[in-house]
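Colleague: Below you'll find the structure I mean.
The values are calculated or read from the model by the stated rules, or taken from the named source; none is laboratory data. Since this is a predicted model, take the numbers as computed values, not measurements. Cβ coordinates were reconstructed from backbone atoms using ideal geometry, including for glycine residues, and neighbour counts include every protein chain displayed.
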Amino acid sequence: MRAIWKGAITFGLVNVPVKVYSATEDHDIPLHQVHDEDGGRIRYQRRCEVCGKIIKYENIDKAFDDGERTVVLTAEDMASLPQEKSREIEVVEFVPTEQVDPIMFDRSYFLEPDSSSSKAYVLLRKTLESTERTAIVRFALRQKTRLAALRARDGVLVIQTLLWGDEIRAAEFDSLKERVRISAKELELSNALVDSFADDFKPDQFSDEYQEELRTLIDAKLEQGEALDTDATFGETEKEEESGEVIDLMEALRRSVEKSRDAKKKKAPSKKKPA
């Protein structure tokens, strides 16, 4: 694994230097779109809806639309905002672990000690384990202020970024306001059904069957020769997609060559067969 960030956990006068690593990864097989007739890649162009031109990334600004008005934010505007200057993971408070609602969890990261001695790291980890508390921390990552839960997991400190309180929707459903009577017998039978399925959770017992079947399907097509040359699916080279002008120029040149060849064929004297 490669560290994506370096910083230090701070609480009181204690400073724990750490490296941050992504704790999860996406195993989905990447797919792209192609034309069903010839297998050519389908690409999306950044076309301006006002002038119709294809725009390069360096000429694109960000904007906010409130439904009626649009505010354009230039590169200078974005640069004026507070940036990720601090490398501190500041502990705000230590809370009972059960008080952190899992619905707030976003992304997970492993923390590795980043100093000659890991004593402070191990001390913090053992403290969290013995007190059964989670540290609520605040830090900046990729130009965003993050709230996160810092906890111990299998001997490693883990940070799980949290959604902000106002990002959690309220579950307000009229259908749940209806008063429903559950009898003692119904609840007893339901509990018995739960007991019949009861087990310890073992994540390794489960797998993504869809991705496995998709890989099997792809491998079968490869073995049967049902595949295209990848370079051929791009049609023109990648550089040619930078702007519509380049694409139009190449198309014009190609047609010119074809037209010139056709003209030469027409002008060439026909060879008469010997009598």
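Colleague: Among residues belonging to region 65-80 that are closer than 18 Å to Gln143 by Cα and not hydroxyl-bearing (Ser, Thr, Tyr), point out the one that is modelled with the highest pLDDT. Lay out the reasoning, then the answer.
Modeller: Kept after step one, since they are closer than 18 Å to Gln143 by Cα, are these residues of region 65-80: 73-80.
If we keep only those that are not hydroxyl-bearing (Ser, Thr, Tyr) as well, we get 73, 75-79.
Numbers: Leu73: 91, Ala75: 86, Glu76: 87, Asp77: 86, Met78: 81, Ala79: 77.
Within region 65-80, the match that is modelled with the highest pLDDT is Leu73.
Colleague: Hey, can you tell me all the residues within region 92-109 that are of a type outside the set (Val, Ile, Thr), part of a strand (DSSP E or B) and within 18 Å of Gly165 (Cβ to Cβ)?
Modeller: Going through region 92-109, the residues of a type outside the set (Val, Ile, Thr) turn out to be 93-94, 96, 98-99, 101-102, 104-109.
From what's left, part of a strand (DSSP E or B): 93-94, 96, 105-109.
Matches in region 92-109: Glu93, Pro96, Phe105, Asp106, Arg107.
Colleague: Let me ask you something else. Determine, yes or no, whether Gly52 is in contact (Cβ under 8 Å) with a residue 60 or more places away in the chain, of a type in the set (Gly, Ala, Ser) and more than 28 Å from Gln143 (Cβ to Cβ). Please lay out each step first, then the result.
Modeller: Details: in contact (Cβ under 8 Å) with a residue 60 or more places away in the chain: no; of a type in the set (Gly, Ala, Ser): yes; more than 28 Å from Gln143 (Cβ to Cβ): yes.
So Gly52 fails the test.
Residues checked against (1) within 16 Å of Glu93 (Cβ to Cβ); (2) over 22 Å from the mean Cα position of the chain (by Cα):
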{"position": "Arg153", "(1), (2)": "no, yes"}
{"position": "Ile159", "(1), (2)": "yes, no"}
{"position": "Leu163", "(1), (2)": "no, no"}
{"position": "Glu167", "(1), (2)": "no, no"}
{"position": "Ala170", "(1), (2)": "no, yes"}
{"position": "Leu176", "(1), (2)": "no, yes"}
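Colleague: Residues in region 106-127 that are among the β-branched types (Val, Ile, Thr) and touching a helix residue (DSSP H, G or I) at 6+ places or on another chain (Cβ under 6 Å): how many? Outline the logic, then answer.
Modeller: Narrowing region 106-127 to residues among the β-branched types (Val, Ile, Thr): 122, 127.
This time we only want the ones that are touching a helix residue (DSSP H, G or I) at 6+ places or on another chain (Cβ under 6 Å), so: none.
Selection size over region 106-127: 0.
Colleague: Can you pull out every residue in region 149-165 that is in a loop (DSSP other than H, G, I, E, B) and out of contact with any Leu (no Cβ under 7 Å at 6 or more places or on another chain)? Walk me through how you get there before you give the answer.
Modeller: Initially, region 149-165 is screened for residues in a loop (DSSP other than H, G, I, E, B), giving 154-155, 163-164.
Listed by number, the residues that qualify are Asp154, Gly155, Leu163.
Colleague: Is one or more of the residues making up region 110-130 in a strand (DSSP E or B), over 19 Å from Trp5 (Cβ atoms) and of a type in the set (Lys, Arg)? Talk me through it step by step, then tell me what you get.
Modeller: Applying the first criterion (in a strand (DSSP E or B)) to region 110-130 yields 110-113.
This time we only want the ones that are over 19 Å from Trp5 (Cβ atoms), so: none.
No, region 110-130 has no match at all.
Colleague: Considering every residue within region 47-57, establish whether at least one is surrounded by 10 or more Cβ atoms within 10 Å (Cβ to Cβ) and assigned to a strand (DSSP E or B). Steps first, please.
Modeller: Going through region 47-57, the residues surrounded by 10 or more Cβ atoms within 10 Å (Cβ to Cβ) turn out to be 47-48, 53-56.
Those still in the list that are assigned to a strand (DSSP E or B) too: 47, 54.
Within region 47-57 (the criterion being surrounded by 10 or more Cβ atoms within 10 Å (Cβ to Cβ) and assigned to a strand (DSSP E or B)), the answer is yes, since at least one residue qualifies.
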